[in-house]
1. Being away from chain A (no Cβ under 14 Å), among the basic types (K, R), open to solvent by 20 Å² or more (accessible area, probe 1.4 Å) and in a strand (DSSP E or B) narrows it down to one residue among B:R112, B:R96, B:R90, B:R84; which is it?
2. Here is a check on your reading of the model: is B:F105 modelled with pLDDT of 95 or more, open to solvent by less than 20 Å² (accessible area, probe 1.4 Å) and either among the basic types (K, R) or outside any loop (DSSP other than H, G, I, E, B) (or both)?
3. Please tell me if A:S279 is within 14 Å of chain B (Cβ to nearest Cβ), surrounded by 15 or more Cβ atoms within 10 Å (Cβ to Cβ), over 17 Å from the mean Cα position of the chain (by Cα) and within 21 Å of A:D37 (Cβ to Cβ).
4. Of the conditions (1) part of a strand (DSSP E or B); (2) open to solvent by 40 Å² or more (accessible area, probe 1.4 Å), B:D303 satisfies every one except a single condition; which number is it?
5. Which residue, of B:P287, B:P274, is assigned to a loop (DSSP other than H, G, I, E, B) and open to solvent by less than 10 Å² (accessible area, probe 1.4 Å)?
6. A:R183 - would you say it is open to solvent by 40 Å² or more (accessible area, probe 1.4 Å), out of contact with any helix residue (DSSP H, G or I) (no Cβ under 7 Å at 6 or more places or on another chain) and at pLDDT 95 or above?
7. Suppose the filter is over 26 Å from B:Q124 (Cα atoms), crowded, with 17+ Cβ neighbours inside 10 Å and aromatic (F, W, Y); does B:F310 pass it?
8. Among the listed residues A:R103, A:R161, which satisfies the condition of being within 14 Å of chain B (Cβ to nearest Cβ) and basic (K, R)?
Amino acid sequence: MQRSLASMSAVALMLCAGPALAQLKATAQNVPEIPYDSVANFLKPPAGEYLGEAVGVATNSKGHTFVYHRSATTRLFEFDQNGNFLKEIGKGYYGFEFAHSVRVDSEDNIWTVDEGTNVVTKFSPEGKVLMVLGRRPAAVLGAVATPTGPNQPSQKYIFCRPTDVGWDPQENIFVSDGYCNNRVVKYDRTGRFLAQVGSEKAGKEPGQFNLPHGLAVDGQGNVYVADRSNFRYQVLDNNLKPKATYDNVGVGWTVCVSQGPHQYLFASNSNPNGNRPGSWAITGEIYKMELDGTILGRFGHASKEFGGFQVVHMMDCRNPNEIVVGEIESWRVQKLILKPQAASAVSR
Amino acid sequence: MKRFLPLLLTATFLGALPATAQTPVPEIAFESAPNPLALPDDIYLGETAGVATNSKGDVFVYTRTGHPTVSLGGARAFAHGGSRLFQFDRNGKFVREIGQGIYGFMYAQQVRVDPQDNIWIVDQMTNYVMKFDPEGGVAMLLGRKAEAITVPAPPSRGPQAFGGGAPGAGEQTDLFDRPTDVAWDGAGNIYVSDGLGNARVAKFNKNGVFIKSWGAKGTEQGNFGTASGIAVDARGNVYVADRGNKRMQVFDSEGNFKTQFTNVGAPQAICITPGQNQFLYSSNSNPTNDIDTAGEIYKMRLDGSVVGKFGRAGKLPKEFGTVNAIDCRNENSLYVGEIGNMGVQKLTLH
C-alpha cells in the first residue's frame with residue numbers, strides 16, 4: 001500500500017505538468033453567447049448507485065442515454081428517454097477497465113472505447129458483443145511499467161490508450177488512437193484495416209497529432225479530430241487526407257457533429273483537469289460551429305455548480321438544440337437545452 | 001515525493017511523545033459504552049479513520065475495510081476499493097451504507113458533518129474531499145483521483161515541490177496530496193488540511209471556488225510538519241493539528257498566524273464543540289506501532305489552556321489505539337474513531 005501511495009502521488013504530480021495557460025485560451029473574438037438551461041435531475045441512477053467520472057455519454061434513436069463512466073470499476077449504464085435507469089451493460093466484461101468514450105451508431109449499436117484495456121467494443125442495441133477491435137494486454141505478462149522512452153511503433157490492430165470512435169455513411173470505422181499512437185485509423189465495416197494518418201511520433205504538421213482525444217464524422221465522411229495537445233481541431237477527408245485546421249476555439253478536448261440535413265459541429269474548450277490556477281477564467285466553454293469552421297456561438301463556463309462545467313469530456317449532439325455533456329470532475333451528466341440566439345455569425 | 005515519505009514516517013514515530021507537563025493536568029473520569037454500534041453480521045469495521053454525528057444523532061463511520069485492489073490495464077494499473085461509509089442511528093442501529101462502489105473511496109481518512117447535515121469525507125489516497133447531501137447523493141467534489149498507478153513506482157522527483165513553490169505548499173487549487181480533514185466557517189467557506197503529502201491549508205468558498213492556501217513543509221510558524229486535522233471555531237479562527245511539529249496552530253480565517261499550543265503532545269485528531277462556550281478536544285494519539293506511549297485526549301479552552309485529559313493507549317475499552325477522529329457535537333458525550341483497534345468508542349465524560 002505504501003508503494004501505491006507514493007506512486008499515485010507521483011502520478012498526481014505529473015498531471016500538473018501542463019501547457020502554459022495562454023495556449024488554453026480560445027482566440028476567437030466577439031463570439032455571441034448562446035443562452036441555455038440545464039435540465040434538473042436529468043438522470044436518475046438506481047438507489048445506492050453512483051456515477052463516477054462521466055467520461056462517455058451518447059444517446060440512441062429512441063432518446064435513451066448511455067453513460068460509460070469510471071466508477072470504482074468502469075461501468076456502462078443505459079437510461080430511458082425520461083432519465084430513468086434501464087440496465088447495466090457489460091458488467092464484468094473483459095474489455096472494461098478505464099472508460100473513455102461511448103458512441104451509438106446509426107443502427108443503435110453501442111460502441112465503447114476503453115483506454116485501460118485498449119479495446120473498442122461494438123454492442124448490439126440489446127447489449128450483446130458484436131465486434132471487438134484491439135486487444136487487452138495479456139495479464140500473464142504482468143504489470144507493465146509505464147513506458148518512459150519513445151512510444152512503440154503502432155500496429156494495425158492494436159491500440160494504445162484509444163480515445164474515440166466514429167463511422168461514415170458506408171459504415172467504415174474510424175478510431176482516434178490516442179494517448180501514445182497519435183493517429184487516426186480507418187477500418188472497413190468488418191473491422192479490417194484500411195488506412196491510418198499520424199503515427200506514434202507526435203507532431204504539429206497537418207496530418208500529425210499530439211493526443212487525438214476525440215473524433216466525429218459528418219454525412220460526407222469527413223473526419224473531425226480533437227487534437228488536444230496541439231490546441232486545435234483537424235479536419236480529414238474520408239481517406240484521412242488533411243483538409244483544414246480550426247485553431248481558434250481553444251484546446252481540442254472533444255467534438256460532436258449533429259444529425260439531420262444541416263449538420264453542426266460542437267467543440268469543447270474544456271477546463272483542464274486539476275483546475276489549474278487561472279484556468280477557469282479562460283476555458284470551459286463549448287462552441288457551436290458550421291462544419292466549415294464558422295463560429296455561430298458559445299455556451300457554458302467552468303464551475304463546480306450545476307449548470308457550469310467541470311472538465312467536459314464528451315458531448316452528445318444528436319439534436320443540435322439538446323446537448324448532453326459528461327463531465328470528469330463533477331461526475332455529472334447534464335442535458336442542456338439551447339435557446340434561440342440573435343443570428344450574428346462570426347466568420348473565422 | 002518518495003523523499004517525503006521517510007520524513008513523514010519518522011515524524012509519525014517520534015511525534016507521539018508525552019506532552020510536556022508544566023503543571024499537573026487533571027484527569028477527567030469517563031466511561032466507554034459497550035458495543036456502541038450494532039453491525040450486521042456481514043459487515044466489519046476496519047481501521048476507523050473517521051467518525052461523526054449529524055444533528056439527529058446519527059453516526060457516520062468512514063473506515064478502511066474490504067479489499068484495496070489493483071487491476072492491470074495496458075501500460076497502467078488501476079486501483080480501487082478499500083474503504084466504506086456507514087450510517088448508524090443514535091442508538092447504534094445500522095441504517096445504511098453510503099457510497100458503495102464509488103470512485104472516490106480508497107483509503108479512508110476522515111468524515112465530518114456540516115451544519116446542514118451534509119456528510120463530507122476525506123480520502124487520503126484518491127485525494128478527494130467529497131460532499132454528500134443528507135440523502136447520500138454527491139453534492140460537490142474537491143480534488144481528483146490519479147487516473148492510474150505505475151508499477152513499479154516511478155523514480156523520485158527529488159525535492160521539487162508540487163506546483164513549483166515551496167515544498168508542500170501545493171498548487172493554488174484543489175489538487176490535494178494526502179488530505180486529512182475538512183471544516184467550515186459560519187459563511188460556509190471550506191477549509192481543508194492538506195495534509196500528509198502537502199503541508200498546507202486550502203480555503204474554498206461554499207461553491208468550491210479556490211480562494212487561497214497557506215503553509216508549506218517546515219517548522220516555522222505558519223508552516224507544518226504535517227497538517228493532520230482541522231477545526232474552525234464560531235469566530236472563524238482555524239485550528240490546525242500540526243502533528244509533525246507536535247503543536248496546534250491557530251490562524252484567523254485569512255490564514256494569518258495567531259498563536260500555537262505546544263502543551264498537548266502531537267495532535268492527530270481535533271474537534272471543537274458547537275455553541276457559544278466552546279471547548280477544544282485534541283488527541284495525542286499513540287503511534288500505530290506502540291501502545292506504551294501517549295494516547296491521551298485533552299480537553300482545552302480555545303485559548304489553549306487545558307481543562308483536563310483522559311484515556312491512554314491500549315487494547316481494552318477506555319484505552320485508545322491511535323485515535324484519528326473525535327466527534328464532540330455533545331461536549332460530554334464523544335465518539336472516537338481508532339485506527340489500531342479498528343473500531344469506534346462512545347465516551348461519556350464525568
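The values are calculated or read from the model by the stated rules, or taken from the named source; none is laboratory data. All figures in this text were calculated on a predicted structure; none of them were measured in a lab. Note that we place each Cβ from the backbone using ideal geometry, even for glycine, and neighbour counts take in every protein chain shown. Surface accessibility is based on the protein's heavy atoms, side chains included, excluding ligands, DNA and RNA. Shrake-Rupley method; radii C 1.70, N 1.55, O 1.52, S 1.80 Å.
1. The conditions single out B:R112.
2. No, not satisfied.
3. In short, no.
4. Tallying (1) part of a strand (DSSP E or B); (2) open to solvent by 40 Å² or more (accessible area, probe 1.4 Å), B:D303 fails exactly one: (1).
5. B:P287
6. So A:R183 fails the test.
7. Criteria met by B:F310.
8. Going through A:R103, A:R161 in turn, the sole match is A:R161.
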